[in-house]
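**Q** Have a look at the structure that comes next, please.
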Amino acid sequence: MIVFDLACDNNHPFEGWFGSADDFALQAKAGDIACPVCGSVEVARQLSAPYVNTRSGSKPEGESQMVAVANAAQDLKKKFIDHVMSNTEDVGRRFSEEARRIFYKEAPERAIRGTASSKEVGELKEEGIDVMAIPGTPPLPEKLH
């Protein structure tokens, strides 16, 4: 398990835990990492001091706890995405338009999900419309039935 200092393209710092540097690269390329502040998926590693294990053949103290926490976080994210997918209406690319219509009482209030660019998300937030980016791909089709 490795911890990286990260920042989005809006310079919001946060950290992420990954199995390896390759795991980070794959997740970043797929857009599976999002800034917890603004939802941007344009994320980059920042300079940081890595942990170096100087004891050969032994695991660092707490490594199994870090793995358990990372696994629990991944499981919680999956459950959250499953809940969102099951309890929201997919409005696709019309997300920004529909969120505004709901906010301004031009459409019935309901939970929606869809696709919006980082710019659109920023504009919605400036208008006072609460939105949250959920990075990653939707659950596998068999989970939708």
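**Q** Let me check something: with ligands and nucleic acids excluded, how do CYS8, CYS38 order by accessible area (1.4 Å probe), largest to smallest? Mind showing how you got there, number by number?
**A** On the way: CYS8 5, CYS38 30 Å².
Solvent-accessible surface, decreasing: CYS38, CYS8.
**Q** A further question on this structure: So which trypsin sites (Lys or Arg not before Pro) in the stretch 71-130 are both in a DSSP loop and have at most 14 other Cβ atoms within 10 Å of their Cβ?
**A** ARG93, ARG94, LYS105, ARG110
**Q** Stretched out fully, how many nm does the piece from ALA111 to ILE129 gain, at 0.36 nm a residue minus the Cα gap? Don't skip to the end; give the middle numbers.
**A** Working: separation 18, 0.36 × 18 = 6.48 nm, distance 1.29 nm.
Once the chain is fully extended between ALA111 and ILE129, it gains 5.2 nm.
**Q** Next up: Please give, to one decimal in nm, the separation of the simple spin-label points placed at ILE2 and ARG94, each 7 Å out from Cα toward the Cβ.
**A** Going from the ILE2 label point to the ARG94 one covers 4.5 nm.
**Q** Next question. Just the Kirkwood number for the stretch 75-115, please: inverse of mean 1/r across all distinct Cα pairs, in Å, one decimal. Please list the in-between numbers first.
**A** Working: mean 1/r = 0.0920 Å⁻¹.
It works out to 10.9 Å.
**Q** If you don't mind, another one. Accessible area per residue, 1.4 Å probe, Å², for the stretch 76-118: what's the number?
**A** Using a 1.4 Å probe on heavy atoms only, each residue of the stretch 76-118 averages 70 Å².
**Q** MET1 accessible area, nearest 10 Å², 1.4 Å probe?
**A** 70 Å²
**Q** While we're looking at this one, here's another question. Could you rank HIS12, HIS83 by how accessible they are, 1.4 Å probe, largest area first?
**A** Details: HIS12 50, HIS83 110 Å².
Largest accessible area first, the residues go HIS83, HIS12.
**Q** Using a cut-off of 12 Å between beta-carbons, work out the net charge of the residues near ILE129 (Lys and Arg +1, Asp and Glu -1, ILE129 not included).
**A** Numbers: positive: ARG100, ARG101, LYS125; negative: GLU97, GLU98, GLU120, GLU123, GLU126, GLU127, ASP130.
Summing Lys and Arg as +1 and Asp and Glu as -1 gives -4.
The values are calculated or read from the model by the stated rules, or taken from the named source; none is laboratory data. Everything quoted here is computed from the prediction, not taken from an experiment. Because the Cβ atoms are built from the backbone with ideal geometry, glycine has one as well, and the counts that use them run over all protein chains shown. Note: areas computed on protein heavy atoms with side chains; ligands, DNA, RNA excluded. Shrake-Rupley method; radii C 1.70, N 1.55, O 1.52, S 1.80 Å.
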